[in-house]
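Right, one structure below, let's go through it.
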Amino acid sequence: MKDVVAGIDIGGTNTVFGLVEKTGSIIAEDRLMTTDYPEINNYVSALVAAINRLIETKSGIKLAGIGIGAPNANYHRGTIELAPNLAWKGIVPIAEYIRKEIDVPIAITNDAKAAAMGEMIFGGAKEMKNFIVFTLGTGLGSGIVINGRVLYGHTGFAGELGHTIIVPGGRDCGCGRQGCFETYGSASGLVRTVLNLLSEMKEESTLRDIPPSQLTSKKIADAAAKNDPVALEAMDYTAEMLAFGIANAVGFSSPEAVFLFGGLAQAGEVLFGPVREYVDQMVMPIFKGTVKILPSGIPESNAAVLGAAALAWNELK
Ligand SMILES: [Zn+2]
């Protein structure tokens, strides 16, 4: 019998899960709609049944553990706590609920920490002991690895670098405060920057033809690749703000590398180039030239399942 783990990524809309070997190969995968199950008990039953179905499709395998990535997940307690984008309110002891039906070790954390674990076990950080993964999507998450271990902190919620304030009194943030790193450095931060620049700049731009609600980081990156002046200015400003956040983080934990992952990171060199330059300008002299700024070593489409699976494999070590 070959051991596999189940990697589960719980999102506000979809739950994606797969069976993953120790090498990182996904041997079976499926999904269900999170929104179909407003009652947590029904959700757990459906999820467990779906995982069991996946296991039955394969012969010669044994489920050794389960890893879960979920919003506001608390590694210490095995809970999902006060997640704004999920229907389950309050503190949900999801690891305990699943363990009642499948008796294997279960670990849970948020998606950014799972991404860091994925990078360490299966991705570009296999040989690294100190690195940070920033997930640049609608929000800005971070997973911090120090001395080969993901940082959870006293509460289990350590690593909220997206909500460190980089502009006092700056943009309104979903957390109820102002000027958070996330409001500038995420994919949605880039869109906000473009909307500001379109009213400030006189230059022609193809971005003026796109309704504001349909602007995405992808469209902005595409425009920047064609030398659109507004898109280039927005990329440069976003790179500078990302570098602020990264330089602060470098002072905190001196990572060997910073991995940028998620929608905005797909922009590629038009973003990475200026981020590298700004980071080198902004870090303290002792850190100059010490930090690599890298794209994730894990394909975007598999990252959520592999990150959650890596969490499970790490527990089994
Ligand atoms: Zn915030």
Any chance region 92-106 includes a residue that's at pLDDT below 95 and either away from the ligand (no atom under 16 Å from the Cβ) or assigned to a loop (DSSP other than H, G, I, E, B) (or both)?
no
Considering residues of region 1-16 that are out of contact with any Gly (no Cβ under 8 Å at 6 or more places or on another chain) and under 10 Å from GLY65 (Cβ atoms) only, the residue surrounded by the most Cβ atoms within 10 Å (Cβ to Cβ)
VAL4
Within region 32-59, which residues are basic (Lys, Arg) and surrounded by 12 or more Cβ atoms within 10 Å (Cβ to Cβ)?
LYS58
Please pick out the residue among ILE132, ILE106, ILE94 that is in the same structural domain as LEU264 (by TED's automatic domain parsing) and either of a type in the set (Val, Ile, Thr) or in contact (Cβ under 8 Å) with a residue 40 or more places away in the chain (or both).
ILE132
Collect the residues in region 198-228 that are among the polar types (S, T, N, Q) and either touching a Leu at 6+ places or on another chain (Cβ under 7 Å) or surrounded by 13 or more Cβ atoms within 10 Å (Cβ to Cβ) (or both), keeping them in residue-number order.
SER205, THR206, THR216, SER217
Selection from region 109-125 of residues that are in contact (Cβ under 8 Å) with a residue 60 or more places away in the chain and outside any helix (DSSP H, G or I):
THR109, PHE122, GLY123, GLY124, ALA125
Just to be sure I understand, how many residues within region 103-130 are more than 25 Å from ILE51 (Cβ to Cβ) and crowded, with 24+ Cβ neighbours inside 10 Å?
1
Determine if region 244-264 includes at least one residue that is farther than 28 Å from LEU151 by Cβ and away from the ligand (no atom under 15 Å from the Cβ).
no
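The values are calculated or read from the model by the stated rules, or taken from the named source; none is laboratory data. It should be emphasised that the depicted structure is a prediction, and the values quoted were computed from it without experimental measurement. Every residue, glycine among them, receives a Cβ derived from its backbone with ideal geometry; neighbour counts consider all protein chains shown.
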